[in-house]
Every structure is written in C-alpha cells, then in structure tokens.
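In what follows, a structure is listed as structure tokens, so that the remarks can point back to it.
The values are calculated or read from the model by the stated rules, or taken from the named source; none is laboratory data. Nothing here was measured: the structure is a model prediction, and the numbers come from that model. Cβ sites come from the backbone with ideal geometry, for glycine too, and all protein chains shown count toward neighbours.
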Amino acid sequence: MNPDILAHTESVCPICLRTIAATRIAEGNDVYLLKQCPDHGAFKTIIWRGLESYRHWGEHGSRTAPPPITETMAQHGCPHDCGLCPEHKQHSCCVLLELTPRCNLRCPICFASADHAGNEPTLAEIESWLQRLQAHSSPVNIQLSGGEPSIRDDLPEIIRLTHCMGFDFVQLNTNGILLAKEPDYAKTLKEAGLDCVFLQFDGVSDRVYQHIRGARLLEIKIQAIEHCAQAHLGVVLVPTLIPNVNVDEIGAIIAFALAHVPTIRAVHFQPISYFGRYPKPPADHDRITLPEVMQELEIQTHGMVHAADFSPGSAENAYCSFSGKFFVDTRGHLSAPAKTTEKCCSTQSGCGCGAPIPGEDVQRARRVVAGQWAAEQVPKPTAVPSQINISSLDAFLALRRHSFSISGMVFQDAWNLDLERLRECFIHVVSPDRRIIPFCAYNLTAASGQALYRRPHHEHAQV
C-alpha cells in the first residue's frame, strides 16, 4: 500500500539532531511522520491514530501571533536558534521556572533529568528570569517546576516574589510528597499566593506508581489532596499515560477526581514522550495518541463524556492538545455545556470583518487556565429572596454546579518532533542563561541522551 502524503514539514534526526525534511503520511487509518537523515537513515513514527479525526482536527487551526520581542537570531534553523528567535510564531502563555535539579524521588521516567544533587538558582537569579519575562510580553502564567520545587525552603518567598512582580497566576508542579507529610505546608503556600497545585498523579493503584515512579505513592497523593482541600488550594491531576501500564485507569482517574471536586479542578493527561538515552527507537505500540485518549475517556466513563465534547486549543498548534469543560452535578456526573455558534465579527469567527488583537488567543488561553485551575471562590452568604425570578433560574442553578475540565497535551521527542508544531508552541521554559525556549525544544535529546538545550544531571531521563 502506497502512503498518502498529507503535508511536508521539517523535523530532526534522532541520532544527530540535525534539521531534516519530513513528511506527514497516511497509511490505512494511521498518520505517521516520515523523515530521512543523509547520515543515519529513515525514521517513521506514529503521530495520530484515526485519519478522519486527524483531518477534522486540523480544520480548527490556530491563530498565531509572533512574540513581540526576540532575543536570538535565526542562523542555524529551527530548533537550534531558540531564545526566542524570529521564526517562532506564538506568544508565551505558560512559562516554567525550574527552581532546582534536585528531587526526593528517583523516577524511572523524568522530564527534567532530576537527581538528588545539583546547583540551584539563587533568589536573585530567579528575579532576573522574571524581569526578562516582564520585558518579553504581556502577563503569563508561571509554573514553578524542577526537579521537585518543594525541596526548596524558600519556595513561599519565591511565590510571593512572583506575584509581587506582576504575575497573577502561579502554579506548583509537584509530586506531592511534602504536601502530604507536612499538614500545614499547603496552607503556607496558599498564604504566600500559590494559585494551583499541578499534581503528578499517574493512577489509582500502587502498581502504576511502582512502575512509573519507583515507589508506592497512592496514599501520599491522597493525603496531599486532603491537605490542599483544607487550605482551599485548587489541584490539577496530571497523569503520564503509558500503554500497557496505566491507560486502563483513565476512567478510574476521572472517577477519583470527581469524588474530590471541588478541590480537584481538572485532569490533564500527558501521553508519554521519550527523552534521554534510547539507542533503539521507541516502538509505535509504546505510544498513545491524543484521539485514543479521547476515545478511552468515552469508553471508560461509560459515555458520561464523549470524544465530541473535546476540541483543540485555539492558540497552540491544533495537534498539540485537546480540552473540554464540564459541569459536575450533585451526583458527581459530568455534563458538557451546550455548544454555541460564534457570530460574525466576534474575535473567534475568523470572518475577517474584525481585526483580531495580536496574541489575543494566547491571553484568552492564559485566563481560561487561571480561572479553571485555581480553587473556586467561596460565595458569601446572601439572603434568600421570598420569590425566585424564574428568568434567572439557569444562573441560579449554575451557581450550585462545579466546573471541571479534562484536557490532554502530547509533547514531542526526537522521533516525532514536527517543527511546524514547535514554532507554534506557547509553553516555554526560562533557561539558566535567561533564554526563553519552547518546552519540547528545551527537553529534546538525541537517542544517545545528549540534550540540545538542557544539561542533564544524570544520564537517564525519560518521558
């Protein structure tokens, strides 16, 4: 069977990381990225399962808005000029600050090459990163990451500093160990200004944690969530999905989250990507694609949510993510809000009769995340009217429902990297030298484990 060519793009060689031509092709019902390095041969990697949904998903597109300031020149070609360079096509939305390379776990899979030692940026250095972000664009969401950022004793001070410098949404990327072990820690972080806990949560059984994280962690996760509830601190569960490990727990993760609403505000799935030393390319059966995650959500929730309830983001490349917003009723059931049709001259219509503001989609995405993932506001008691205005009944009932979101984002590695997607990335990392680098470029490694930008603290770093 001859493959159908869907589009031409660029990628990198997984062996040497040189920029090479690539093609998106369809074989049967699957979509692959095909590329060939003149020195290291051909590579073919699954990127989407479901040709019809692939074509439909791409129709949504995204509106790009180049960053207002670039720091590096386009000399060697994407992805070798990051910082950001003039070839990048999207504003920053969420920016990661890596506060430490240290971690209190030694996960078999890790984005950050985390270890038990390493140099940490000083508070003055972190302030200089924030100053650089202030100069680059309109306000962004800040994610404090690592390593394990809660290891730092001055984390509350860093949170306060970030808010004082004008960043109004700060989330913590954490494994939850300190939140579980120190009952007042969540309250301390909340009082410092933390808006959201981005909690590593791979499943509802210790079998999963033992495989992915090398430790039995379920009770720790539950305790961390309880302490966040006491502190009125919103939590987003973040499962890394690995075929034949925890894909079968997708529905159970959603059920667990709904049992802990409103503390848990969302579940954000991340299909596995492969970073670090991989002399042998990951097999296609080692990957799960976004449409499969959406299908599993429909199957494993027994139709409570449907694949049709989800849509791509409007700011990042359409093939990077999906998201859906829901309401939770008193029985713990989910319902999707009625879909609306955008009218002409709205900023979403794309009809051309109203000029969109550059970067507006990114800022809308930033506000949506901040509004959904932070803890719900506790309403002040009000007197009950003697008569109910029926015309406002929908609004009255809406106040008694909790909002809840389900989303997913697939990050790119050296085998499936598509530079068209990378140039539209709006999740960025501030590197130690204060360059602003797209997340997938920052974590990119060759099959040998050699990093393009990140300097690993130990040899093996995966996912």
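Set side by side, the residues Val384, Val463 differ, and just one is part of a loop (DSSP other than H, G, I, E, B), at pLDDT below 70 and either assigned by TED's automatic domain parsing to the domain that holds Ile272 or surrounded by fewer than 17 Cβ atoms within 10 Å (Cβ to Cβ) (or both), which is Val384.
Of the residues Pro438, Pro432, Pro456, only one is modelled with pLDDT of 95 or more and not aliphatic (A, V, I, L, M); which? Checking each option against the conditions leaves just Pro438. Across the stretch 232-248, the number of residues qualifying as surrounded by 22 or more Cβ atoms within 10 Å (Cβ to Cβ) and out of contact with any Asp or Glu (no Cβ under 6 Å at 6 or more places or on another chain) comes to 6.
Within the stretch 1-27, residues that are under 22 Å from Lys280 (Cα atoms) sit with their Cβ atoms under 7 Å from residues that are of a type in the set (Lys, Arg), at 6+ positions apart or across chains, in these pairs: Ser11/Lys35; Val12/Arg18; Ile20/Lys35; Ala21/Lys35; Ala22/Lys35. In this structure, Arg277 qualifies as in the same structural domain as Lys190 (by TED's automatic domain parsing) and out of contact with any helix residue (DSSP H, G or I) (no Cβ under 9 Å at 6 or more places or on another chain). Screening the candidates Thr72, Thr64, Thr45, Thr23 for the property of being crowded, with 17+ Cβ neighbours inside 10 Å, in contact with a Cys (Cβ under 7 Å, 6 or more places away or on another chain) and either under 20 Å from Glu316 (Cα atoms) or not acidic (Asp, Glu) (or both) yields one hit, Thr72.
Evaluated against (1) closer than 23 Å to Phe256 by Cβ; (2) small (Gly, Ala, Ser); (3) out of contact with any His (no Cβ under 8 Å at 6 or more places or on another chain), Gly166 falls short on exactly one condition, (1). Please specify each residue of the stretch 179-194 satisfying the condition of being on the phi < 0 side of the Ramachandran plot and of a type in the set (Gly, Ala, Ser). Residues satisfying the conditions are Ala180, Ala186, Ala192. Only residues that are in a loop (DSSP other than H, G, I, E, B) and closer than 30 Å to Ile212 by Cβ were counted in the stretch 81-110, giving 14.
Residue count for the stretch 292-309 under the criterion of being over 19 Å from Glu249 (Cβ atoms) and buried (at least 19 other Cβ atoms within 10 Å of the Cβ): the result is 1.
Of the set (1) assigned to a loop (DSSP other than H, G, I, E, B); (2) crowded, with 19+ Cβ neighbours inside 10 Å; (3) not charged (D, E, K, R); (4) not assigned by TED's automatic domain parsing to the domain that holds Met409, all apply to Cys78 but (4). Among the residues of the stretch 131-152, is any modelled with pLDDT of 95 or more, over 26 Å from Ala266 (Cα atoms) and among the aliphatic types (A, V, I, L, M)? No, the stretch 131-152 contains no residue that is modelled with pLDDT of 95 or more, over 26 Å from Ala266 (Cα atoms) and among the aliphatic types (A, V, I, L, M).
None of Glu292, Glu298 is acidic (Asp, Glu) and within 30 Å of Pro14 (Cα to Cα) except Glu292.
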